[in-house]
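I have placed the structure first, in the form of structure tokens, so that the comments after it can refer back to it.
Since every read-out is calculated from the coordinates, none of them should be taken as a lab result. Owing to the predicted nature of the structure, the values given are computational and were not obtained by experimental measurement. Cβ placement follows ideal geometry from the backbone for every residue including glycine, while neighbour counts extend to all protein chains displayed.
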Amino acid sequence: MGYRRLGVRSDHRRSLLRNSVTSLLAHEKITTTETRAKEIKRVTDKVITLGKKGDLHSRRQALSYLTDEKVVRKVFDDLAKRYDDRPGGYTRIIKSGFRKGDGAPMAIIELVK
């Protein structure tokens with residue numbers, strides 16, 4: 001299979017990923033479970049690559065996925081310049097132990113400086 005189901009329906013999974021990617025790009029660091037972090041990494045790298053292309057079509061694709069127009073501006077103006085010479089790998093996942101309630105493995109996902 002090409003993606004992780006994350007234990008939720010497809011519409012919930014899409015919404016979860018859209019909100020998480022938007023939050024990651026806005027705050028540049030979030031804490032979530034390891035499996036969610038791995039899926040967020042896939043999508044975030046694709047969105048930043050769209051920002052590096054910089055054309056109108058790429059901007060509209062990013063606007064259709066991300067939930068905040070300010071975040072899209074940040075991707076195309078700031079992050080695209082920051083990662084201009086980097087061929088990929090814009091995010092980093094750091095394992096951070098286990099969640100207290102259910103013992104789920106947690107991770108911090110952040111943008112590489």
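For the chain, find the longest principal axis of its Cα atoms and tell me its angle to the long axis of helix 34-53, 0 to 90°, nearest 10.
In the chain, helix 34-53 runs at an angle near 0 degrees to the longest axis.
Hey, fewest Cβ within 10 Å first, where do LEU56, LEU16, LEU66 land in order?
If I rank by nearby Cβ atoms, fewest first, I get LEU56, LEU16, LEU66.
I need the calculated FRET efficiency for the pair ALA104 and ARG73, taking r as the beta carbon distance and R₀ as 30 Å, to the nearest 0.05.
0.30
Please sort 80-86, 2-8, 25-31, 43-49 by packing, taking for each peptide the average over its residues of neighbouring beta carbons within 10 angstrom, highest first.
43-49, 25-31, 80-86, 2-8
Kindly state, to the nearest 0.05, the FRET efficiency for ARG14 paired with ILE94, given R0 = 25 Å and r defined as their beta-carbon distance.
Calculated transfer efficiency: 0.45.
For the range 10-111, what is the relative contact order in percent, using Cα pairs closer than 8 Å and at least 6 residues apart in sequence?
About 37 percent, as a whole number.
Quick one: if the Förster radius is 22 Å, what FRET efficiency do HIS27 and LYS81 give, using the C-beta to C-beta distance and rounding to 0.05?
It comes to 0.70.
When a/c is below 1.5 the answer is rounded, else prolate if a/b is larger than b/c, else oblate, so apply that to the range 1-66 with a ≥ b ≥ c taken from the square roots of the Cα gyration tensor eigenvalues.
Note, shape of the range 1-66 comes out prolate.
Using only DSSP helix segments of four residues or longer, with each worth -39500 (n - 2.57), what per-residue ellipticity at 222 nm results for the chain after dividing by its residue count and rounding to 500?
Roughly -15500 deg cm²/dmol at 222 nm, from the helical runs in the chain.
Computed from the coordinates I sent, semi-axes √(5λ) of the Cα gyration tensor in Å equals one of (i) 28, 17, 12; (ii) 30, 18, 10; (iii) 25, 16, 12. Tell me the label.
Recomputing semi-axes √(5λ) of the Cα gyration tensor in Å here picks out (iii).
Helix 56-65 against the longest principal axis of the chain: what's the angle in degrees, Cα atoms only, rounded to the nearest 10?
Once rounded, the angle reads 20 degrees.
Taking 23 Å as the cut-off for C-alpha to C-alpha distance, list the pairs among LYS46/LYS100; LYS70/LYS100; LYS53/LYS74; LYS41/LYS74; LYS74/LYS113 that go past it.
Violating the 23 Å limit, Cα to Cα: LYS46/LYS100; LYS70/LYS100.
Mind pulling the angle between the C-alpha long axis of helix 10-27 and the longest principal axis of the chain? Nearest 10 degrees, somewhere in 0 to 90.
Here the helix axis deviates by roughly 60 degrees.
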